[in-house]
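Note sheet for the following structure.
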Amino acid sequence: MTITQISTDGQMMADSLSVMEKAPESIGLLDLMIKGGYMMIPLYILFVLAIFIFVEKIITLRKASKSPKHLMDQVKILVQTGKIEQAKMLCQQESTPVVNMIAKGLERIGSPLKNIEVSIENVGKIEIYKLEKNLGLLATVAGAAPMIGFLGTVAGMIRAFIGVAQEEGMVSPKLLSTGIYEAMITTATGLVVGIIAYLGYNYLVTQVSKLVHSMEYSSIEFIDLLQDK
């Protein structure tokens, strides 16, 4: 083995060690979020808003969907026996959409049946509005988040190519790739926020629909009770 060969082998080993030392380090999630740029701020706000609306509506729907079956049975017995005031007092013990509708119907007993139906329907509309409150905002978040993400990506790509254009001589692949992946972070974040908001919106809409159906069934049952009375 000649001195030249030994020198060449040593240089190759040194180059290999140098490449190993320069191996890219893994980037944490927090670092990625920071590198996304200023367009990440509205995405963070939309994410927090979506979570807040979802949790608030879940709590509201759980309170509203408490089954008043036992109460409805007692109200039915009291109405059939003519104890209207006791039925009213019983309804005051709970505050759910179904109970509020029945309570309004009890207050209108003695009026024409049509007036009672209208009163119950009006209360039902108010209760449905309360249940659906902020659902439109959650749907807006689901649609706006991906678009804001795309906007951040476009802005980041523009900055990246401006930086490339200002470079003299050979453009470093690292410079270009860094600018591109940092720009793509906003798209990924926007899609994640949009998907979460979209799934949450559809789940809440389904739960509201079930509760509205229960309200309609209870109101029909109460009107039938008054017709048989």
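None of the figures in this text is laboratory data; all of them are computed from the coordinates on show. Just so it is clear, the model here is predicted, and its values are computed rather than measured. Ideal geometry is used to build each Cβ from the backbone, glycine not excepted, and the neighbour counts take in all protein chains shown.
Quick rundown of the values:
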{"item": "Cα-based shape type of region 81-227, given that a ≥ b ≥ c are square roots of the gyration tensor eigenvalues and the cut on a/c is 1.5", "result": "prolate"}
{"item": "Stretchable slack from Leu191 to Glu221, in nm (0.36 nm times residue separation minus alpha-carbon distance)", "result": "6.3 nm"}
{"item": "Phi to ³J(HN,Hα) by Karplus 6.51 cos²θ - 1.76 cosθ + 1.60 over region 117-123, Hz, x for Gly, Pro", "result": "4, 5, 4, 5, 5, 5, 5"}
{"item": "Backbone N under 19 Å from the Tyr203 label point (7 Å along Cα→Cβ), restricted to region 124-143", "result": "131-143"}
{"item": "Estimated FRET transfer efficiency (Tyr44, Glu121; beta-carbon r; R0 35 Å; 0.05)", "result": "0.25"}
{"item": "Sites Thr81 and Glu107 - FRET efficiency at Förster radius 22 Å, r taken between beta-carbons, to 0.05", "result": "0.75"}
{"item": "Added length on full extension, which subtracts the Cα-Cα distance from 0.36 nm per residue, Ile51 to His70", "result": "3.4 nm"}
{"item": "Rg and Dmax [Cα atoms of region 84-143; Å; Rg one decimal, Dmax integer]", "result": "15.2, 50"}
